[in-house]
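Working notes, beginning with the structure itself.
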Amino acid sequence: MVAGQCDVEGILGFSSSMPNTKSAAKRLKQSEVRRVRNKAIKSRTKTEMKRVLDAVQSGDIAAAEANFKVAAKKLDQAGSQGVIHKNTAARHKSRLQRTIKAAKNGASKTA
């Protein structure tokens, strides 16, 4: 390897278009780190939302409300970090809360 060149393939673990400058190589590394981090955060928020919906489906309202607190926190964090838009986070929280409320009202009417 020539002095001044960056081994991007070794750092990233895959071969992509080779950057021509040091600054481009740095941006490529930063983009990869951010992509992996954003993917993990999005995955975690989706998992927490699924837990709320699964608890509602099974009829366990207390667990749904407990899981909602965790999901709301994860959604707020993702929104504040810019992984998802703040309005998207608010919309997901609103829909989850509405689902829990509907299940709670449905359970109280049948009981």
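The values are calculated or read from the model by the stated rules, or taken from the named source; none is laboratory data. Keep in mind the model is a prediction, meaning the values are calculated, not measured. For neighbour counting, all protein chains shown are included, and Cβ atoms are generated from backbone atoms with ideal geometry for every residue, glycine included.
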For this session: Answer yes or no: is there a residue in the stretch 65-83 that is hydrophobic (A, V, I, L, M, F, W, C), exposed (fewer than 12 other Cβ atoms within 10 Å of the Cβ) and modelled with pLDDT of 95 or more.
Result: no
For this session: Please enumerate the residues belonging to the stretch 1-41 that are modelled with pLDDT of 95 or more and of a type in the set (Asp, Glu).
Result: 32
For this session: Kindly indicate whether residue 100 is touching a Phe, Trp or Tyr at 6+ places or on another chain (Cβ under 7 Å), more than 27 Å from residue 35 (Cα to Cα) and crowded, with 17+ Cβ neighbours inside 10 Å.
Result: yes
For this session: Look at the stretch 43-75 and say how many of its residues are free of Cβ contacts under 8 Å to residues at least 24 places away in the same chain and within 10 Å of the chain's Cα centre (by Cα).
Result: 3
Exercise. How many residues are more than 20 Å from residue 39 (Cα to Cα) and either outside any helix (DSSP H, G or I) or touching an Asp or Glu at 6+ places or on another chain (Cβ under 8 Å) (or both) when one looks only at the stretch 53-91?
Worked result: 3
